[in-house]
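Single-structure report; data block below.
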Amino acid sequence: MGSSPGVTRISQGGHKEPIMGVTRASGWAAGQTAPSGVTETSGPSRALLPGASISGGAAGSRGSLCWLTGLSALSLYQLEYFGQISIGTPPQNFTVVFDTGSSNLGAFSLLPDHSKFQPTQSSTYQVIGTPFSIQYGTGSLTGIIGSDRVAVSAHRGLAVSNQQFAESISEPGKAFLDAEFDGILGLAYPSLAVDGVTPVFDNMMAQNLVELPIFSVYMSSNPESPQGGELLFGGFDTSRFTGPLNWVPVTQQGYWQIHIQLAGTVIFCADGCQAIVDTGTSLITGPTKDIKLLQKLIGAVPRAPGLLQFAVECSNLDAMPELTFTINGLPYTLSAQAYTLTYADGEAFCTSGFQGSDIPPPTGPLWILGDVFIRQFYTVFDRGNNVVGLAPAVP
């Protein structure tokens, strides 16, 4: 994980991506309860047309102001999910991680075998020139700030004007060199943004590009699904989850930080812990001392001395314990099949979906609920009410 949350990769590779789905323009479907203080609107509903491609992005009409972005899981192991954006006029296309653990948009312009932004080929590009440096969980990005038109949906309907972003001027290191993505689009709060740059989603809201100040994430748990997932700006997709959404207060507006409890045979943080919901982290991470106890509880052992990755016997999954997070009074239970990763390269082997990561004060200690958790629970990020909505995801 490194020194800070954000995009965190693990050695086997894999990818993250955005999502597509069905929504009501009001954001809350029949039977759903809006967060306290929210006034529901009666705008028209919009559904994704049957057969829409995951790479096709938002299929909605302009009037609904809800925009769907398809996510791809480029690995059978579903360690990362990616989506498509474009920068400039005419558009230059990039694959990015949509990361709720950071707030800036950055493009790795110098990396070989990655798409490179060409500012001279864009009629809407503006030089800002401010130096930029950011440290992610497993890499860094150093560059300068530029400004241009950024489109998120494949139909280019969701296009942010004058979006500032970082263009790399030095190679960010092997962690990103081996990545399948060309950049990172941060979706955390503005207070986390380096150099005071306005995040993409804040500009979407300011430019009235979304009907509601929310976005929602679905990550498929089916490795054989043609859809890796979907990211919906301005609404959420009731076909992707069951039951009501549980609206969890954000405890600190930087990361999407919430209060959790984790108890069972071994009690972790008996008085509760702080955690962030992070689409840019593949696993669930926590303080090393707690994760060591957790690995022991589930029967996981280090794959090799000094490695952070822990292995479990694939044949033991049915006998391994369920683990339950309590969030805002409700249980969120992960089966062994949910919190382990199974690899099928040659001889099958399984690894734990937990990893130790010590984030120092004052930011930490923090648990990070990454993709292992989000795959199981549809997640709505509500900037208007500073809450996170959670509900069991449809497999």
Q) Among the listed residues S140, S170, S123, S115, which satisfies the condition of being among the polar types (S, T, N, Q) and modelled with pLDDT of 95 or more? A) S123
Q) Among the residues of the stretch 218-250, how many are closer than 22 Å to V152 by Cα and not hydroxyl-bearing (S, T, Y)? A) 14
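Quick one: how many residues across the stretch 69-101 are open to solvent by less than 40 Å² (accessible area, probe 1.4 Å) and either at pLDDT below 65 or in a helix (DSSP H, G or I) (or both)?
5
Within the stretch 180-195, take every residue that is in a loop (DSSP other than H, G, I, E, B) and open to solvent by less than 20 Å² (accessible area, probe 1.4 Å) and give me the one that is farthest from I276 (Cα to Cα). Outline the logic, then answer.
Let us first name the residues in the stretch 180-195 that are in a loop (DSSP other than H, G, I, E, B), namely 180-182, 187-189, 193.
From the residues that got through so far, the ones that are open to solvent by less than 20 Å² (accessible area, probe 1.4 Å) too are 181-182, 187-189, 193.
Values: F181: 23, D182: 24, L187: 13, A188: 10, Y189: 12, A193: 16 Å.
Among them, the one singled out is D182.
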Q: Would you be able to say whether some residue in the stretch 208-227 is over 26 Å from R149 (Cβ atoms), of a type in the set (D, E) and surrounded by fewer than 19 Cβ atoms within 10 Å (Cβ to Cβ)?
A: yes
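The rows are residues; the columns are (1) in contact (Cβ under 8 Å) with a residue 12 or more places away in the chain; (2) touching a helix residue (DSSP H, G or I) at 6+ places or on another chain (Cβ under 8 Å).
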| site | (1), (2) |
| --- | --- |
| T333 | no, no |
| A336 | yes, yes |
| Y339 | yes, yes |
| T342 | yes, yes |
| C350 | yes, yes |
| Q355 | yes, yes |
| P362 | no, no |
| G370 | yes, no |
| I374 | yes, no |
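Residues to consider are R156, R149; find the one that is among the basic types (K, R), in contact with a strand residue (DSSP E or B) (Cβ under 8 Å, 6 or more places away or on another chain) and modelled with pLDDT of 90 or more. Spell out how you get there, then give the answer.
Values: R156 fails: modelled with pLDDT of 90 or more.
Result: R149 is the single residue among R156, R149 that is among the basic types (K, R), in contact with a strand residue (DSSP E or B) (Cβ under 8 Å, 6 or more places away or on another chain) and modelled with pLDDT of 90 or more.
Would you say T379 is within 30 Å of E211 (Cα to Cα), polar (S, T, N, Q), part of a strand (DSSP E or B) and open to solvent by less than 10 Å² (accessible area, probe 1.4 Å)?
Details: within 30 Å of E211 (Cα to Cα): yes; polar (S, T, N, Q): yes; part of a strand (DSSP E or B): yes; open to solvent by less than 10 Å² (accessible area, probe 1.4 Å): yes.
In short, yes.
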Q. Somewhere in the stretch 332-355, is a residue within 17 Å of T288 (Cα to Cα), open to solvent by 30 Å² or more (accessible area, probe 1.4 Å) and part of a strand (DSSP E or B)?
A. no
Q | Test result for W247, open to solvent by 20 Å² or more (accessible area, probe 1.4 Å) and among the hydrophobic types (A, V, I, L, M, F, W, C) | A | yes
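Here are some residues: T238, T198. Which one is within 27 Å of G329 (Cβ to Cβ) and open to solvent by 20 Å² or more (accessible area, probe 1.4 Å)? Quick ask: steps written out before the conclusion?
Working: T198 fails: within 27 Å of G329 (Cβ to Cβ).
On inspection, the qualifying residue turns out to be T238.
One line per residue, one yes/no per condition, for (1) at pLDDT 90 or above; (2) basic (K, R); (3) outside any loop (DSSP other than H, G, I, E, B); (4) in contact with a His (Cβ under 9 Å, 6 or more places away or on another chain):
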| site | (1), (2), (3), (4) |
| --- | --- |
| V217 | yes, no, yes, no |
| L232 | yes, no, yes, no |
| S239 | yes, no, yes, no |
| P244 | yes, no, no, no |
| I260 | yes, no, yes, no |
| D271 | no, no, yes, no |
| Q274 | yes, no, yes, yes |
| K289 | yes, yes, yes, no |
Q: Looking only at the stretch 309-331, decide whether some residue is within 30 Å of P249 (Cβ to Cβ), surrounded by fewer than 19 Cβ atoms within 10 Å (Cβ to Cβ) and touching a Leu at 6+ places or on another chain (Cβ under 7 Å).
A: yes
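The values are calculated or read from the model by the stated rules, or taken from the named source; none is laboratory data. Model, not experiment: these values are computed from the prediction. Here Cβ is always computed from backbone atoms with ideal geometry, including for glycine, and neighbour counts include all displayed protein chains. For accessibility, only protein heavy atoms count, side chains too; no ligands or nucleic acids. Shrake-Rupley method; radii C 1.70, N 1.55, O 1.52, S 1.80 Å.
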